[in-house]
Amino acid sequence: MAEHPAYPVGLRLTGRRVIVLGAGQVAQRRLPALIAAGADILLISPEATPSVEAMADAGELHWERRKYEHGDLADAWYALIATSDTAANEAASAEAETRRVWCVRSDDATAATAWTPATGRSEGVTVAILTTDRPDPRRTAAIRDAVVEGLRDGTLVAPHQRQKTPGVALVGGGPGDPDLITVRGRRLLAEADVVIADRLGPRDLLAELPPHVEVIDAAKIPYGRFMAQEAINNALIEHAKAGKSVVRLKGGDPFVFGRGMEEAQALAEAGIPCTVVPGISSSISVPGAAGIPVTHRGVAHEFTVVSGHVAPDDERSLVDWTALAKARGTLVVLMGVDKIGKIAETLIAGGRAPGTPVALVQEGTTATQRRVDATLATVAEIVTAEEVRPPAVIVIGDVVTVGPGNQR
């Protein structure tokens, strides 16, 4: 075996009989991939882990509750031998050899006719790693992880040889820390021809883009001194129609006060394919980064996220502030720093206690994050005194005091 490396091959097991002997931890790890491959799985084992039993109960495989018997491998294309009975494993391995069934053994890889590679998947690509002479699970897993992570986060870029399909991806970039963008969002960013970026998106990721990528600052482009929503829509459509792969990089989540649906509607009207990639909303991630849970057992059973970009007494406001004042849960206010005085006044007038804790987390998840605490009665004064500036997430409610070091 040391002289001849294993020959790598991909098995197409859809509808083909696969025998699995044993239903312990090894089988529990291997079965999902066999199920995903569409194999006709016969599991033979007197007992099984709860997870494996659940697979059988769901009809994903057929389970015979017994020990291995000679002849079980008849008509099999592939076998996974993973029992704790060495004699049974050896007998099943011998039967596999006789019947010319490719066989993996968990107890003795050197006696097997096949090895299971360390595998990972990323957007239509399966990475399978084998060592050349004999299995080395830790090394193959480490190499697998490095390759898959590189494909997912865009640091390992393999250009598509087929022509790209022009279109737009609305990507939620998360609250600001570049590590908090989703895997899919980062990959699409790495494959983009044009990126139209918000001021609040993870700007550090733009430095990683290849030189040929056109980056359009949504606040500073030829469309005007600031980029109005209509201009953004037009830019998305224009570049997509030019055959480009376009990413609209937005802060947080595209559909949480991000006007993502307006852009999706404009693209649909123009006949442009659109993919939406959800992002981590600052409404939950920023409080979390500051040690504030938006819910906590015995303190808050609900939380409400509200836009504070218009004051409660503004006729354009769609928020029922009176109802929010009567609610007992957590209130998270986005885009409300300059209106927090009026918001606090309205909540108190509606019934919220003046001593209700308030936390303002400025530039959350970034290197310049800071937290300022107050109460509804004092928040207007403290925001001015502490010179709190946008972007900041405001958390109102008793959850502000339950984090580490804040317990009452």
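The values are calculated or read from the model by the stated rules, or taken from the named source; none is laboratory data. Since the model is a prediction, treat every value here as computed from it, not as a measurement. Using ideal geometry, Cβ is built from the backbone for each residue, glycine included, and neighbour counts are taken over all protein chains shown.
Restricting to region 378-405, give me the number of residues that are farther than 15 Å from T295 by Cα and either surrounded by fewer than 16 Cβ atoms within 10 Å (Cβ to Cβ) or among the hydroxyl-bearing types (S, T, Y) (or both).
Residues flagged as farther than 15 Å from T295 by Cα and either surrounded by fewer than 16 Cβ atoms within 10 Å (Cβ to Cβ) or among the hydroxyl-bearing types (S, T, Y) (or both) within region 378-405 amount to 9.
Any residue at all in region 215-222 that's of a type outside the set (S, T, N, Q) and at pLDDT 85 or above? So that I can check it myself, show each step before the final result.
Filtering region 215-222 for residues of a type outside the set (S, T, N, Q) gives 215-222.
When the remaining residues are screened for being at pLDDT 85 or above, the result is 215-216.
Scanning region 215-222, I find at least one residue that is of a type outside the set (S, T, N, Q) and at pLDDT 85 or above, so the answer is yes.
Got a sec? Which of A146, A158, A114 is over 16 Å from the mean Cα position of the chain (by Cα), modelled with pLDDT of 70 or more and more than 30 Å from A367 (Cβ to Cβ)?
None of the others qualify; the one that does is A114.
Among the residues of region 288-299, are any part of a strand (DSSP E or B), β-branched (V, I, T), crowded, with 16+ Cβ neighbours inside 10 Å and modelled with pLDDT of 95 or more?
Checked against the condition, which is being part of a strand (DSSP E or B), β-branched (V, I, T), crowded, with 16+ Cβ neighbours inside 10 Å and modelled with pLDDT of 95 or more, region 288-299 yields no hits at all.
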What single numbered condition from (1) in a loop (DSSP other than H, G, I, E, B); (2) at negative phi; (3) at pLDDT below 95; (4) exposed (fewer than 14 other Cβ atoms within 10 Å of the Cβ) fails to hold for G59?
(2)
Quick one: which residue in A92, A88, A76, A33 is part of a helix (DSSP H, G or I), small (G, A, S), modelled with pLDDT of 95 or more and under 20 Å from R16 (Cα atoms)?
A92
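How about region 99-111: which of its residues are farther than 20 Å from K67 by Cα and of a type outside the set (F, W, Y)? Don't jump to the end; show me each part of the working.
Going residue by residue through region 99-111, those that are farther than 20 Å from K67 by Cα are 100, 102, 109-111.
Scanning region 99-111 gives R100, A109, T110, A111.
Mind listing just one residue for me: the one in region 69-94 that is touching a residue at least 40 places away in the same chain (Cβ under 8 Å) and within 14 Å of G24 (Cβ to Cβ) and, of those, surrounded by the fewest Cβ atoms within 10 Å (Cβ to Cβ)?
Taking region 69-94 and keeping what is touching a residue at least 40 places away in the same chain (Cβ under 8 Å), we get 72-73, 75-84, 88-89, 92.
With the extra rule that they be within 14 Å of G24 (Cβ to Cβ), the set shrinks to 80-84, 88-89.
Numbers: L80: 23, I81: 29, A82: 22, T83: 24, S84: 12, A88: 17, N89: 23.
Here the residue is S84.
Is there a residue in region 382-390 that is outside any loop (DSSP other than H, G, I, E, B), among the charged types (D, E, K, R) and either more than 25 Å from P175 (Cβ to Cβ) or modelled with pLDDT under 95 (or both)? Lay out the reasoning, then the answer.
Filtering region 382-390 down to residues outside any loop (DSSP other than H, G, I, E, B) leaves 382-385.
Okay, now just the ones that are also among the charged types (D, E, K, R), so none.
No, region 382-390 contains no residue that is outside any loop (DSSP other than H, G, I, E, B), among the charged types (D, E, K, R) and either more than 25 Å from P175 (Cβ to Cβ) or modelled with pLDDT under 95 (or both).
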Going through region 247-279 in order, the residues found to be in a loop (DSSP other than H, G, I, E, B) and either small (G, A, S) or surrounded by fewer than 22 Cβ atoms within 10 Å (Cβ to Cβ) (or both) are G251, F255, V256, F257, G258, R259, A270, G271, I272, P273, P278, G279
